[in-house]
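Please read through the structure below; I'll follow up with questions.
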Amino acid sequence: PELGVYAQGPFNCLMPYAGPDKGQMDACHARGLKVIYSIKDIYHGTRWAPAGIRSEADEVGWITERVALHRRHPALLAWYINDELPVEMVDRLAARQRLMEELDPDHPTWVVLYQYDQVGQYMDTFDVIGTDPYPIPEKPAGTALEWTRVTREQSHGLRAMWQVPQVFDWGGYRKGGERAKTRAPTLAEMRAMAWQCIAAGANGLVFYSFFDLHKM
């Protein structure tokens, strides 16, 4: 039911954290939706790595299998291969980028970083870059403009940018008194942050997040 609601809106893609199976990919395609397929957690030793990933060799096998399953699916838009992993892992991240280029040269890789002022150090690790300023309410909405400008400068204007504007309330991730200090962005602030990203060079927006809007 939620997929049907989503498809009625103006958006044209989804980035589900749990990698969809073929049936779910088919359902997206039937509704005219593309999928940014998440394989971001397939790094041995990281917090969210699946239990079966016990070595870097396991990573390659898992990734190879998933890419073979989905790389020709018409719903596939891109592969999401890094969610804010630290710059100390850049060698492993670059190796993952090379693997994806070998396995599926027809679809780009996308990464999202909060390390917006370090993007230049990650240049060998992605095709498309996104950074995720979530300023409301602690910082001004103009943070979205600043982060996008710096992201573009750090990537020398050479890569596509799919930025990640805030549409959630930080209260969903905090407790007690800290939760009481938060609020969701207003619609005007959401629009402002989206247009600031575009004005600073973003050519894609992946709002965070649809499931938060339901939860909150």
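Name the residues in the stretch 188-211 that are assigned to a helix (DSSP H, G or I) and either modelled with pLDDT of 95 or more or touching a Lys or Arg at 6+ places or on another chain (Cβ under 6 Å) (or both), would you?
ALA188, GLU189, MET190, ARG191, ALA192, MET193, ALA194, TRP195, GLN196, CYS197, ILE198, ALA199
Taking the conditions exactly as written (in contact with a Phe, Trp or Tyr (Cβ under 7 Å, 6 or more places away or on another chain) and either modelled with pLDDT under 95 or closer than 30 Å to ARG183 by Cα (or both)), does TYR80 satisfy them or not?
yes
I would also like to ask the following. Just the residues that are charged (D, E, K, R) and either open to solvent by less than 10 Å² (accessible area, probe 1.4 Å) or touching a strand residue (DSSP E or B) at 6+ places or on another chain (Cβ under 7 Å) (or both), please, taken from the stretch 65-89.
Matches in the stretch 65-89: ASP83, GLU84.
From the list GLY52, GLY19, exactly one residue is modelled with pLDDT under 95, touching an Asp or Glu at 6+ places or on another chain (Cβ under 7 Å) and not hydrophobic (A, V, I, L, M, F, W, C). Which is it?
The match here is GLY52.
Cβ-Cβ under 7 Å, sequence separation 6+ or interchain: first residue in the stretch 188-201 and farther than 13 Å from MET161 by Cα, partner of a type in the set (A, V, I, L, M, F, W, C) and assigned to a loop (DSSP other than H, G, I, E, B). Which pairs?
GLU189/ILE136; GLU189/ALA141; MET190/VAL167; ALA192/ALA141; MET193/ALA141
Which condition number in (1) within 14 Å of LEU103 (Cα to Cα); (2) more than 18 Å from the chain's Cα centre (by Cα); (3) open to solvent by less than 30 Å² (accessible area, probe 1.4 Å) is the one that ILE53 fails?
(1)
Okay, moving on. Tell me the residue from GLU102, GLU153 that is under 30 Å from THR64 (Cα atoms), over 19 Å from the mean Cα position of the chain (by Cα) and surrounded by fewer than 19 Cβ atoms within 10 Å (Cβ to Cβ), please.
When all the criteria are applied, what remains is GLU102.
The values are calculated or read from the model by the stated rules, or taken from the named source; none is laboratory data. Remember, predicted model here, so these are calculated numbers, not experimental data. Please note: Cβ atoms are built from the backbone with ideal geometry, for glycine as well, and neighbour counts cover all protein chains shown. When the accessible area is computed, the model is the full protein with side chains, heavy atoms only, and any ligands, DNA or RNA have been set aside. Shrake-Rupley method; radii C 1.70, N 1.55, O 1.52, S 1.80 Å.
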